[in-house]
Amino acid sequence: MNTKNNQRYRDMDICMKAAMLEFMQKIPFEKITVKSICQRAGVNRGTFYSHYTDMEGMMNDLEEYLSGELLQVVEEWIKYNGSKSIFLPYLRYIKEHQYVYQVTLSNRKALPIKKSFQPLLEHLILPICRTAQITDEEELLYYNVYFQSRITMVLKCWIENGCKKSDEEMNVILMNCVPMISECQRTIDVSENI
């Protein structure tokens, strides 16, 4: 029997996701059908429906898969490069899969990258907060949310503009944004104490 722990089940899932990604590069998501996915992947409709309830379910699963893969890419980057140019693996991965992110943005309000923000929290946001002597857990949570939303909006804008700026240019922009954000906060803190 095909179950999620079965190799054949996983192989079929990979084939269907590959077909979905291939179609997404050529045609709008709403025009991709279960039939076309099944034909391209070489599976029957029953196999599709044993994996997903519908195309939306497949898209959700694909986003979850890509988010997990992005997390692995970022962790590998950090292993060999530390936090130096930490945005580059995000930018390169997003640019490589920009058609998926463009579809996501046209159908949803958020980018499916939340899971992969943990390395940014550990290697970028927490060190800034420690430097500012912020140790309260709840306060750290708010700073994390603040940084995530700012970074996400910059990435969203970049994707919506077709990723025209190179990943190296965007890395510089994002790296420059981080100190500006924290510097603005320090300015507010100082002005309130005057």
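The values are calculated or read from the model by the stated rules, or taken from the named source; none is laboratory data. None of these values were measured; they are calculated from a predicted model. Don't worry about glycine lacking a Cβ; one is built from the backbone with ideal geometry, like all the others, and counts go over all protein chains shown. SASA here: full protein model, heavy atoms, side chains in, ligands and nucleic acids out. Shrake-Rupley method; radii C 1.70, N 1.55, O 1.52, S 1.80 Å.
Rundown of residues vs (1) touching a residue at least 40 places away in the same chain (Cβ under 8 Å); (2) within 25 Å of the chain's Cα centre (by Cα), yes/no style:
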| site | (1), (2) |
| --- | --- |
| 36 | no, no |
| 52 | no, yes |
| 59 | yes, yes |
| 63 | yes, yes |
| 68 | yes, yes |
| 76 | no, yes |
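Name every residue in the range 154-173 that is more than 17 Å from residue 99 (Cα to Cα) and open to solvent by 70 Å² or more (accessible area, probe 1.4 Å), in order of residue number.
168, 169, 172
Which is in a helix (DSSP H, G or I), of a type in the set (D, E, K, R) and crowded, with 17+ Cβ neighbours inside 10 Å, of 63, 56?
Answer to the check: 63.
Looking at this structure, is residue 137 under 13 Å from the mean Cα position of the chain (by Cα) and open to solvent by 30 Å² or more (accessible area, probe 1.4 Å)?
So residue 137 fails the test.
Which number in (1) more than 19 Å from residue 114 (Cβ to Cβ); (2) open to solvent by less than 60 Å² (accessible area, probe 1.4 Å); (3) in a helix (DSSP H, G or I) marks the one condition that residue 70 misses?
(1)
Tell me which of these residue 43 doesn't satisfy, since it passes every other one: (1) surrounded by 14 or more Cβ atoms within 10 Å (Cβ to Cβ); (2) out of contact with any His (no Cβ under 8 Å at 6 or more places or on another chain); (3) in a helix (DSSP H, G or I).
(3)
For the range 1-32, name all the residues that are within 18 Å of residue 100 (Cβ to Cβ) and not in a helix (DSSP H, G or I).
Residues satisfying the conditions are 25, 26, 27, 28, 32.
Would you please list the contacts, defined by Cβ atoms under 6 Å and residues six or more apart or on different chains, that run from a residue in the range 87-106 that is surrounded by fewer than 22 Cβ atoms within 10 Å (Cβ to Cβ) to a residue that is part of a loop (DSSP other than H, G, I, E, B)?
95/163; 98/163; 99/25
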